[in-house]
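Colleague: Could you have a look at this structure, given as structure tokens, before my questions?
The values are calculated or read from the model by the stated rules, or taken from the named source; none is laboratory data. All figures in this text were calculated on a predicted structure; none of them were measured in a lab. For neighbour counting, all protein chains shown are included, and Cβ atoms are generated from backbone atoms with ideal geometry for every residue, glycine included.
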Amino acid sequence: MLRVDYLAVSGLPPVSFEVAPHECLAVEGPSGAGKTRLLRAIADLDAADGFVYLEGAERREVPAPEWRRRVRYASAEPAWWDARAREHFLAGAKLDRLILAVGLEPSLLDRPISELSTGERQRLGLVRALADEPRVLLLDEPTSALDAQATALAEELIRFQILAGRIVLLVSHNPAQIVRLASTRLVLPGDGRTAVVKSVAA
Amino acid sequence: MSYIELSGTDLALAALLLIVNGAISIAFRLGLAISFGIAAVRMGVQLAAVGFVLNFIFAQTSPLWTLLIVFVMVLVAGYELVQRQERRFRSWFAYGLGNATLLLVGGLATVYAIVVVVHPSPWYAPRYIVPILGMVLGNTLTSCSLALQTLTEGAVRERAAIEARIALGATRTEAFATVLRRALNTAITPLLNVMSVAGIVSLPGMMTGQILAGANPAEAAKYQIMIMFVLTGASGLGAFAAAFGGVLLLTDARHRLRLDRLAPSPA
């Protein structure tokens with residue numbers, strides 16, 4: 001269970017909500033409403049007042065690097081620090097299945113990052129975010145640079161994560177994708193009013 | 001041990017070379033003549049003043065005078081270190097880091113060189129401390145400045161990559177590994193170059209000075225070797241301390257990247 005309790009992200013009213021394992025919460029709102037800021041605060045990448053509990057442990061009780069191994073933020077534009085993709089994964093990680101799952105060839109791992117397309121990098125970023133099996137995935141527009149076919153594969157991988165018992169928070173501008181993946185929605189109004197949780201059907 | 005004292009006429013003759021430069025600048029309208037004049041006068045006045053001050057301080061027997069000048073030198077070097085940075089830390093962070101690094105490394109290296117290597121009597125004799133500390137601070141200042149410059153530039157430019165590593169569970173030093181390595185490389189490469197060419201391309205300034213002052217060149221070389229070890233050691237340690245201190249200031253205890261601690265870019 002991920003419980004967010006009066007989390008005061010800079011410039012936003014405090015938000016509270018819960019997400020259970022096997023659940024995907026979509027985070028919606030206009031640009032600038034604070035969707036990315038909220039995900040970053042949950043991963044403790046930005047300082048914020050309030051509390052975030054994962055399985056009873058508040059984030060401040062857990063060493064920050066360990067917290068981020070459990071609560072993983074994945075940016076819409078994954079950044080790379082080495083020449084090749086493989087150097088961004090733990091040595092010896094079994095990646096082939098995941099790479100194939102998002103429609104890429106495992107040989108891509110040994111090509112220079114600079115030669116990969118935006119979509120290939122975004123899919124590798126998704127694989128990188130979930131390869132070490134974090135408990136919570138905070139996915140910030142994970143398919144924004146993908147075509148329909150690649151989007152379907154990426155969604156399949158995300159759905160598999162949800163089925164496997166992970167907690168997923170999804171920022172997406174694609175209403176159909178939210179219907180396909182999420183069970184509840186958190187709406188950030190972006191006008192100073194408090195965020196509300198709704199069911200996906202509503 | 002004897003040396004030839006310079007007279008006022010000797011200095012005026014040497015200045016003639018600058019006057020020729022000034023004349024060329026005026027003839028070709030380079031607009032440098034006035035800057036040349038100001039810089040030359042400044043240099044002359046500064047060095048003459050330092051000469052008088054050192055004369056006074058060398059004549060004192062109290063270690064307090066030595067301590068006072070040590071602090072003044074560290075403060076001036078710390079100020080200069082901050083001035084050289086394009087991306088500075090906000091407020092007291094900047095001066096705090098610079099002065100702490102210089103005081104720690106400069107002080108340690110100087111005390112080590114004096115107490116362990118040269119051991120004059122009394123140990124606080126300003127005649128040894130002031131010139132050695134001056135050289136140590138000047139060199140450490142350069143390497144610290146290069147290390148911090150490369151570090152802050154890298155942190156700003158590679159913000160996304162550093163944060164990606166943090167988000168994947170890296171500690172702050174792991175996240176900064178690439179930038180840190182580059183910063184230390186940039187700071188230490190010139191030290192290696194200076195050591196490699198010492199005495200081949202030109203004689204180091206201190207050795208030249210000792211030879212002109214009548215010292216035996218072999219003795220002067222020994223002094224220069226000792227000073228090179230101390231200077232390079234201090235500069236390397238200074239670069240390490242400044243870069244690691246810089247990483248600690250650019251991050252917080254929760255291993256977050258804190259670029260907000262850098263002052264806004266002047267440009």
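Colleague: Taking A:PRO13 as the residue in question, decide whether it is part of a loop (DSSP other than H, G, I, E, B), away from chain B (no Cβ under 14 Å) and not aliphatic (A, V, I, L, M). Walk me through how you get there before you give the answer.
Modeller: Values: part of a loop (DSSP other than H, G, I, E, B): yes; away from chain B (no Cβ under 14 Å): yes; not aliphatic (A, V, I, L, M): yes.
In short, yes.
Colleague: Looking at the range A:16-37, which of its residues are in a helix (DSSP H, G or I) and among the charged types (D, E, K, R)?
Modeller: Of everything in the range A:16-37, those that are in a helix (DSSP H, G or I) and among the charged types (D, E, K, R) turn out to be A:LYS35, A:ARG37.
Colleague: Sticking with this structure for a sec: So A:GLY50 passes all but one of these: (1) outside any loop (DSSP other than H, G, I, E, B); (2) surrounded by fewer than 22 Cβ atoms within 10 Å (Cβ to Cβ); (3) more than 12 Å from chain B (Cβ to nearest Cβ); (4) on the phi < 0 side of the Ramachandran plot. Which condition number does it fail?
Modeller: (4)
Colleague: Here's a follow-up. Would you be able to say whether some residue in the range A:73-96 is within 25 Å of A:ALA176 (Cα to Cα) and assigned to a strand (DSSP E or B)?
Modeller: Yes, that holds for at least one residue.
Colleague: Regarding the range B:27-38, can at least one residue be identified that is modelled with pLDDT of 90 or more and of a type in the set (Lys, Arg)?
Modeller: Taking every residue of the range B:27-38 in turn, none turns out to be modelled with pLDDT of 90 or more and of a type in the set (Lys, Arg).
Colleague: Next question, about the same structure. Exactly one of (1) away from chain B (no Cβ under 12 Å); (2) without any contact (Cβ under 8 Å) to a residue 40 or more places away in the chain is unmet by A:TRP67. Its number?
Modeller: It is condition (1) that A:TRP67 fails.
Colleague: Across the range A:70-106, what is the total count of residues that are more than 9 Å from chain B (Cβ to nearest Cβ), crowded, with 18+ Cβ neighbours inside 10 Å and over 22 Å from A:GLY119 (Cα atoms)?
Modeller: Counting residues in the range A:70-106 that are more than 9 Å from chain B (Cβ to nearest Cβ), crowded, with 18+ Cβ neighbours inside 10 Å and over 22 Å from A:GLY119 (Cα atoms) gives 1.
Colleague: Name the helices (runs of 4 or more DSSP H) wholly within the range B:175-267 that hold at least 2 residues that are touching a residue at least 60 places away in the same chain (Cβ under 8 Å) and either charged (D, E, K, R) or touching a helix residue (DSSP H, G or I) at 6+ places or on another chain (Cβ under 7 Å) (or both)?
Modeller: Output list reads B:177-197, B:217-250.
Colleague: Confirm whether B:PHE58 is buried (at least 16 other Cβ atoms within 10 Å of the Cβ), aromatic (Phe, Trp, Tyr), in a helix (DSSP H, G or I) and on the phi < 0 side of the Ramachandran plot. Before the answer, list the steps.
Modeller: Numbers: buried (at least 16 other Cβ atoms within 10 Å of the Cβ): no; aromatic (Phe, Trp, Tyr): yes; in a helix (DSSP H, G or I): yes; on the phi < 0 side of the Ramachandran plot: yes.
Here the answer is no, as B:PHE58 does not meet what is asked.
Colleague: Quick one: which residue in B:VAL230, B:VAL197, B:VAL201 is over 30 Å from A:ARG37 (Cβ atoms), β-branched (Val, Ile, Thr) and crowded, with 19+ Cβ neighbours inside 10 Å? Break it down stepwise before answering.
Modeller: Working: B:VAL197 fails: crowded, with 19+ Cβ neighbours inside 10 Å; B:VAL201 fails: crowded, with 19+ Cβ neighbours inside 10 Å.
It is B:VAL230.
Colleague: Scan the range A:127-149 and tell me whether some residue there is buried (at least 22 other Cβ atoms within 10 Å of the Cβ), more than 13 Å from chain B (Cβ to nearest Cβ) and of a type in the set (Gly, Ala, Ser).
Modeller: no
Colleague: Please determine, by comparing only the residues of the range A:107-126 that are among the hydrophobic types (A, V, I, L, M, F, W, C) and touching a strand residue (DSSP E or B) at 6+ places or on another chain (Cβ under 8 Å), which one is nearest to the other protein chains (Cβ to nearest Cβ).
Modeller: A:ILE113
Colleague: From the list B:GLY22, B:GLY51, which one is in a helix (DSSP H, G or I) and farther than 30 Å from B:ILE211 by Cβ?
Modeller: Step by step, each of B:GLY22, B:GLY51 is checked, and only B:GLY22 is in a helix (DSSP H, G or I) and farther than 30 Å from B:ILE211 by Cβ.
Colleague: I would also like to ask the following. Would you point out which residue out of A:GLU58, A:GLU18, A:GLU23 is away from chain B (no Cβ under 12 Å), surrounded by 15 or more Cβ atoms within 10 Å (Cβ to Cβ) and touching a strand residue (DSSP E or B) at 6+ places or on another chain (Cβ under 6 Å)?
Modeller: A:GLU18
Colleague: Quick test of your reading of the structure: B:TYR124 fulfils all but one of (1) in contact (Cβ under 8 Å) with a residue 60 or more places away in the chain; (2) part of a helix (DSSP H, G or I); (3) touching a Pro at 6+ places or on another chain (Cβ under 8 Å). Name the failing condition by number.
Modeller: (2)
Colleague: All but one of (1) buried (at least 19 other Cβ atoms within 10 Å of the Cβ); (2) more than 14 Å from every other protein chain (Cβ to nearest Cβ) hold for B:ALA155; which doesn't?
Modeller: (2)
The rows are residues; the columns are (1) under 17 Å from B:VAL247 (Cβ atoms); (2) facing chain A (nearest Cβ under 7 Å); (3) of a type outside the set (Gly, Ala, Ser).
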position: B:ARG159; (1), (2), (3): yes, no, yes
position: B:ALA170; (1), (2), (3): yes, yes, no
position: B:VAL179; (1), (2), (3): yes, no, yes
position: B:THR189; (1), (2), (3): no, no, yes
